[in-house]
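Reviewing the structure listed below.
The values are calculated or read from the model by the stated rules, or taken from the named source; none is laboratory data. Note that the structure is a prediction, hence the values are computed from the model and not measured. Methodologically, a virtual Cβ is constructed for each residue, glycine included, from the backbone with ideal geometry; neighbour enumeration extends over all protein chains shown. Heavy atoms of the whole protein, side chains included, go into the accessibility calculation; ligands, DNA and RNA do not. Shrake-Rupley method; radii C 1.70, N 1.55, O 1.52, S 1.80 Å.
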Amino acid sequence: MRPSYSADPGDDRCTGPRWYWPRSVYIHIPFCAHHCCYCDFAVVSGAASLVDAYLDALEREIALYTGRTFAGYQGHIQPLFVETIYIGGGTPSFLSAKQLQRLLEMVQRYFCYRREEVEFTLEANPTDVTAEKLEILAQYGVNRLSLGAQSFEEEVLRFLERTHTAATIEQAVRLAQRYLANVSLDLIFAVPGQTLEQWHRDLQRALALGVQHLSTYNLTVEPRTALWARVKRGLVRATDEETERRFYAHTIETLESAGWEHYEISNFCRPGFHSRHNGVYWAGEAYFGFGLGAARYMCGTRQTNTRSLRQYFTLLQAGRLPVADSETLRPWERAAETAALQLRRRCGIHRGEFERQTGIPLDYLLGRVIARHQARGWLEDDGERVRLTREGIFYADLVCADCVAAAQQ
Ligand code: SF4
């Protein structure tokens, strides 16, 4: 049975519960100075001349979407209320100061948020961080900067085809800290040729900078990337799983012993600085998404925009939404996906909240999967919550895949 929430802003029920109605928005800026060898995001490199046209198209998409779905009785567009905003990419900081200002004005026009409560993140490349841009960000309420540092080691940065140096990262962080109270760094480990000592130095240098949040990812060789082609041709040897596990174990040990919270498989923070926006994804809650290749999840339907910039422009010029895929999940599929996402969190799945959110008792859906992984020592269950054990974190992908597979049976 379909829930009776309405998408009409004139209707008090339009908000609905968090899994159904978004309080978060993701905006994708696909431009990058260079397409890094390992990256499979929706990215456009070396095309600065297209930024203004992209911002036109992005505004058309947001206006079309909000106008079609939410125009009030006089046809006025109602700004959408949000609690978290995330501008990611690509490299949003690739935009000039003037273009950034235009983007942030657009956000202000179509979304309303309480400045003192919103979590407003922008992703940036260390080389792009300037006082002029930071001033603009702070002026529009951006209060969190996520910097793509990746490593402080020259050799590793060169392998990843990143153009910045350790000194650039340190300067960018120090400058950002003058304007914003919350800075996060992305770091990559298990890069071919990288030693555990190098990774240890990366973690120590990140900690020494006094940032609030770290996202640490092991380098994955994504199909059809330049790195994938090099691995296939035998030019690069991908890191083996055992080494990846050693790097990951070292990450957890180092950051936890420094007093950091390991709150999601790949994410660590100083107490109180977990990412609220990403928390929405891991809770299986709804979010708006706009821009090239952007995903959105609302009213139980998951949609993804086209990844072709040409098609994105053409569809929007013709007044059509640039949606490439749309899928409405069946209740048990939604429940299984919710479980798989929530298991990524160190707090795991709360039985009562899960049933309220999905309408399906956790044990009815996944009782056998939980029992199997509990017997292996990968899940722990205190009757209220089910979560990955310390050992289970290393097998999270397997456990989560089992949850999703259970819904197909
Ligand atoms: S800068 Fe980031 S988004 Fe852009 S190509 Fe490199 S990894 Fe991908």
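Just a few scattered comments:
- Selection from region 338-347 of residues that are surrounded by fewer than 21 Cβ atoms within 10 Å (Cβ to Cβ) and not basic (Lys, Arg): Leu341, Cys347
- Criterion applied to Gln171, Gln177 was being assigned by TED's automatic domain parsing to the domain that holds Thr91, closer than 13 Å to Phe152 by Cα, assigned to a helix (DSSP H, G or I) and in contact (Cβ under 8 Å) with a residue 24 or more places away in the chain, and the one residue passing it is Gln171.
- For region 147-163, the condition of being open to solvent by 20 Å² or more (accessible area, probe 1.4 Å), of a type in the set (Val, Ile, Thr) and in contact with a Ser or Thr (Cβ under 9 Å, 6 or more places away or on another chain) holds for at least one residue.
- If the condition is being over 17 Å from Ile62 (Cβ atoms), in a helix (DSSP H, G or I) and within 16 Å of the ligand (Cβ to nearest atom), then region 78-99 contributes Ser93, Phe94.
- Test: residue in region 231-247 that is within 18 Å of the chain's Cα centre (by Cα), crowded, with 18+ Cβ neighbours inside 10 Å and assigned by TED's automatic domain parsing to the domain that holds Val25: no
- Conditions (1) over 30 Å from Gly193 (Cβ atoms); (2) in contact (Cβ under 8 Å) with a residue 60 or more places away in the chain; (3) aromatic (Phe, Trp, Tyr); number of the one not met by Tyr140: (2)
- Yes/no for Glu327 being among the acidic types (Asp, Glu), open to solvent by 10 Å² or more (accessible area, probe 1.4 Å) and touching a Phe, Trp or Tyr at 6+ places or on another chain (Cβ under 6 Å): no
- Condition broken by Gln171, with the remaining ones in (1) over 24 Å from the mean Cα position of the chain (by Cα); (2) within 16 Å of the ligand (Cβ to nearest atom); (3) polar (S, T, N, Q) satisfied: (2)
- Qualifying residues in region 294-319 (those that are out of contact with any strand residue (DSSP E or B) (no Cβ under 9 Å at 6 or more places or on another chain) and in contact (Cβ under 8 Å) with a residue 40 or more places away in the chain) - the one farthest from Gly284 (Cα to Cα): Gln317
- Summed over region 16-36, residues that are assigned to a loop (DSSP other than H, G, I, E, B), within 10 Å of the ligand (Cβ to nearest atom) and surrounded by 19 or more Cβ atoms within 10 Å (Cβ to Cβ) total 2.
- Test: residue in region 148-156 that is within 23 Å of Thr84 (Cβ to Cβ) and outside any helix (DSSP H, G or I): yes
Residues are listed down the side, and each one gets a yes or a no for (1) within 15 Å of the ligand (Cβ to nearest atom); (2) under 23 Å from Phe288 (Cα atoms); (3) open to solvent by 20 Å² or more (accessible area, probe 1.4 Å):
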site	(1), (2), (3)
Tyr38	yes, no, yes
Leu64	no, yes, yes
Gln101	no, yes, yes
Ala124	yes, yes, no
Leu137	no, yes, no
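- Scope region 328-353; condition under 18 Å from Ala401 (Cβ atoms) and either assigned to a loop (DSSP other than H, G, I, E, B) or of a type outside the set (A, V, I, L, M) (or both); matching residues: Leu329, Trp332, Glu333, Arg334, Glu337, Thr338, Gln342, Leu343, Arg344, Arg345, Gly348
- When Thr389, Thr358 are screened for being open to solvent by less than 30 Å² (accessible area, probe 1.4 Å), of a type in the set (Val, Ile, Thr) and in contact with an Asp or Glu (Cβ under 6 Å, 6 or more places away or on another chain), only Thr389 passes.
- Single unsatisfied condition, Glu261 versus (1) within 16 Å of Ser151 (Cα to Cα); (2) touching a helix residue (DSSP H, G or I) at 6+ places or on another chain (Cβ under 9 Å): (1)
- Test: residue in region 264-271 that is farther than 28 Å from Cys32 by Cα, surrounded by 17 or more Cβ atoms within 10 Å (Cβ to Cβ) and at pLDDT 95 or above: yes
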